[in-house]
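Inspection log for the structure reproduced underneath, given as structure tokens.
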Amino acid sequence: MAENKEYLTKEKFVQLTEELEHLRNTKRKEVAEELEYAKQLGDLSENAEYHQAREEQAMLEDRISKLDTLLKGATIVDADAAGKQSGVVTVGSKVELRREGKKENIDYTVVGSEEADMLARKISASSPLGAAVLGKKKGESISVKTPSGDVAYTIVKIS
């Protein structure tokens, strides 16, 4: 089974670490108190508050587990230095692309899947476009499979 590495910027790592600590130290106590209150309401088999609190507890523990695993295995990338020394696209690189047949260029930042945000032009390194640009140099052409067919791009700039 291939191991999927998760890449995070230092800022995202700190943000997720703070979220994990909040969930462990604050949210867990709140959910436990809700659960205890719901138990006091009587018959657990027909107690909607109890079932809702149990569901919330399960979702909380799932998020804690996911964050814990993610943070333990994450590789921290320096977004400012990414790609600058090597001249190739890496996680953290800002890439300027020109789509074949178009006049305007489009900028993306290649990030780990946890930070991907198309509105902010942050593409996941595991997305089709992100995977296609990784390891490429300025001037190289790439082809990306899309639902409407293959789309060709040229790497104009890496920063």
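The values are calculated or read from the model by the stated rules, or taken from the named source; none is laboratory data. If you're wondering where the values come from, they're calculated on a predicted model, not measured in any experiment. A quick note on method: Cβ atoms are made from the backbone with ideal geometry, for glycine too, and the neighbour counts reach across all protein chains shown.
At-a-glance table
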item	result
Condition broken by residue 92, with the remaining ones in (1) part of a loop (DSSP other than H, G, I, E, B); (2) farther than 23 Å from residue 5 by Cβ satisfied	(2)
Test: residue 96 is loosely packed, with under 12 Cβ neighbours inside 10 Å and more than 18 Å from the chain's Cα centre (by Cα)	no
Residue check, residue 73 in contact (Cβ under 8 Å) with a residue 12 or more places away in the chain, surrounded by fewer than 17 Cβ atoms within 10 Å (Cβ to Cβ) and under 27 Å from residue 23 (Cβ atoms)	yes
In the range 20-48, the residues that are out of contact with any Asp or Glu (no Cβ under 8 Å at 6 or more places or on another chain) and either charged (D, E, K, R) or in the same structural domain as residue 89 (by TED's automatic domain parsing) (or both)	21, 24, 27, 28, 29, 30, 33, 36, 39, 43, 46
Given (1) without any contact (Cβ under 8 Å) to a residue 12 or more places away in the chain; (2) more than 30 Å from residue 144 (Cβ to Cβ); (3) assigned to a helix (DSSP H, G or I), number of the condition residue 41 does not satisfy	(3)
Number of the condition not met by residue 101 [criteria: (1) surrounded by 11 or more Cβ atoms within 10 Å (Cβ to Cβ); (2) part of a loop (DSSP other than H, G, I, E, B)]	(1)
Hits in the range 93-111 (condition: under 12 Å from residue 135 (Cα atoms) and not β-branched (Val, Ile, Thr))	93
Members of the range 44-67 that are more than 18 Å from residue 24 (Cβ to Cβ), assigned to a helix (DSSP H, G or I) and among the polar types (S, T, N, Q)	45, 52
